[in-house]
1. Starting from residues that are of a type in the set (A, V, I, L, M) and within 32 Å of the chain's Cα centre (by Cα), keep the ones in region 231-257 and report whichever is farthest from Tyr272 (Cα to Cα).
2. Within region 1-46, track down each residue that is at pLDDT 85 or above and β-branched (Val, Ile, Thr).
3. Can you tell me which residue in region 165-181 is nearest to Val216 (Cα to Cα), limited to those that are charged (D, E, K, R) and in a strand (DSSP E or B)?
4. Quick one: how many residues across region 290-323 are modelled with pLDDT of 90 or more, under 17 Å from the mean Cα position of the chain (by Cα) and in a helix (DSSP H, G or I)?
5. Kindly provide the set of residues from region 270-289 that are out of contact with any helix residue (DSSP H, G or I) (no Cβ under 6 Å at 6 or more places or on another chain) and assigned to a loop (DSSP other than H, G, I, E, B), ordered by number.
6. Tell me, please, whether a residue that is in contact with a Leu (Cβ under 6 Å, 6 or more places away or on another chain) and modelled with pLDDT under 95 can be found in region 171-179.
7. Suppose we keep only residues that are within 17 Å of Val216 (Cβ to Cβ) and aromatic (Phe, Trp, Tyr) within region 273-320. Which one would you say is surrounded by the fewest Cβ atoms within 10 Å (Cβ to Cβ)?
Amino acid sequence: MEPVLNEQSRRRWAATEAKALGRGGVSCVVRVTGLARRTVYRGLDDICRRHKTEPGRIRKRGGGRKPKIALDPTLLRDIKTLVEPATRGDPMKSLLWTSRSLRKLTKELAKKGHDVSHTVVGELLQQVGYSLQANRKTREGNQHIDRDAQFQYINKRASSFLKDGQPVVSVDTKKKELVGNFKNAGREWRPKDSPENVNVHDFIDPKLKRAVPYGVYDIRNNTGWVSVGTDHDTAAFAANAIRRWWRAMGKKRYANPKGLMVTADGGGSNGYRVRLWKIELQKLANELKFPITVCHLPPGTSKWNKIEHRLFSFITINWRGKPLRSYRTIVQLIAATTTETGLKVRAELDEKNIPRACAFLTINSPPSISFPMTFTENGTILSLQSENEQNAD
């Protein structure tokens with residue numbers, strides 16, 4: 001009967017058994033059941049007085065152990081002192097520079113003379129309105145007075161293009177991914193106790209290196225194109241991704257475009273200060289024979305770029321928990337990304353080597369000399385020539 005009895009029915013059952021046994025019945029029941037003698041006598045008292053409790057209650061009001069804050073009036077005040085954001089007392093106190101876990105708070109309370117468990121500390125914190133909180137990214141620093149005007153301008157231009165049936169795309173480079181048997185963030189359903197076994201260390205594989213996914217998102221048609229590069233993320237690679245999108249997807253949807261609008265963030269390979277980006281776009285415009293309008297988002301606002309939350313976020317969800325062991329795996333996972341709103345993605349591998357760029361180094365000392373330099377993307381100078389051999393040094 002014990003599993004189905006509560007506190008009240010248990011002591012009353014023990015009392016009826018003791019009463020039925022007669023003299024020595026209480027001692028016998030205590031010895032057999034392990035209940036306290038006081039509990040059996042309380043059951044006998046309930047039977048004799050025909051005591052009744054309120055519906056839905058086991059004990060009468062006021063019964064049971066008193067809560068800690070009733071027995072220890074200063075407990076709640078000391079807990080608030082330890083967890084309040086405003087620093088009180090000595091600013092060099094050790095607890096202020098450590099994580100305020102329940103067990104550490106319990107130790108600090110013990111030093112103050114409070115006998116309390118970490119479970120009770122957690123319950124008290126919830127009662128006074130505390131909960132576990134993570135950092136929230138809300139402060140963006142100083143904002144330029146024209147930032148909102150820039151957003152309005154971009155929106156106005158995009159609306160004008162879309163109204164006229166012209167293509168509007170959002171471009172950006174997704175986070176570079178390690179290619180190989182490395183851990184990929186996220187979890188997926190697998191048989192119990194059989195996770196994917198990956199390398200302990202994330203050292204770059206010299207044969208595979210990294211994948212550079214550059215995306216082009218068509219806002220009107222909710223379609224995406226991703227060029228997965230195997231070299232560096234340069235302006236030439238970015239412009240070539242737009243070129244490949246147009247040849248594979250764009251020109252099929254836009255028969256006679258009057259122009260193309262590109263929205264991009266302010267940095268990276270498509271940054272507003274990158275001259276090679278402008279040169280490559282001019283080459284692309286000459287090929288396509290219609291103008292390309294580029295609108296850059298203000299610095300620090302790349303999260304508002306459409307491609308971030310309409311394409312890249314779903315790609316990340318689709319390949320979560322899957323090791324990106326090869327470039328083929330990356331391309332297939334990107335191409336398999338879909339959403340309930342009808343997103344379709346096409347991905348291809350771009351193994352084209354990064355072209356070398358030319359620049360001029362001007363020495364501001366008389367006479368002014370311009371040196372044509374050929375260099376790689378990481379800044380390594382390959383050759384240096386001068387038209388004046390006397391000034392070659």
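1. Result: Met249.
2. Of everything in region 1-46, those that are at pLDDT 85 or above and β-branched (Val, Ile, Thr) turn out to be Thr16, Val26, Val29, Val30, Val32, Thr33, Thr39, Val40.
3. Filtering first and then ranking leaves Asp172.
4. The total comes to 12.
5. The initial filter retains those residues of region 270-289 that are out of contact with any helix residue (DSSP H, G or I) (no Cβ under 6 Å at 6 or more places or on another chain), namely 271-273, 275, 278-279, 282-283, 285-289.
Gly271, Tyr272, Arg273, Lys289, listed by residue number.
6. Scanning region 171-179, I find at least one residue that is in contact with a Leu (Cβ under 6 Å, 6 or more places away or on another chain) and modelled with pLDDT under 95, so the answer is yes.
7. Looking at residues that are within 17 Å of Val216 (Cβ to Cβ) and aromatic (Phe, Trp, Tyr), I get Phe290.
This table checks each residue for (1) within 23 Å of Gly342 (Cβ to Cβ); (2) modelled with pLDDT under 95; (3) of a type in the set (Ser, Thr, Tyr).
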| residue | (1), (2), (3) |
| --- | --- |
| Lys209 | no, yes, no |
| Val226 | yes, no, no |
| Thr234 | no, yes, yes |
| Trp245 | yes, no, no |
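The values are calculated or read from the model by the stated rules, or taken from the named source; none is laboratory data. Computed from a predicted model, the values in this text were never measured in an experiment. Every residue, glycine as well, gets a Cβ built from its backbone with ideal geometry; the counts of neighbours run over all protein chains shown.
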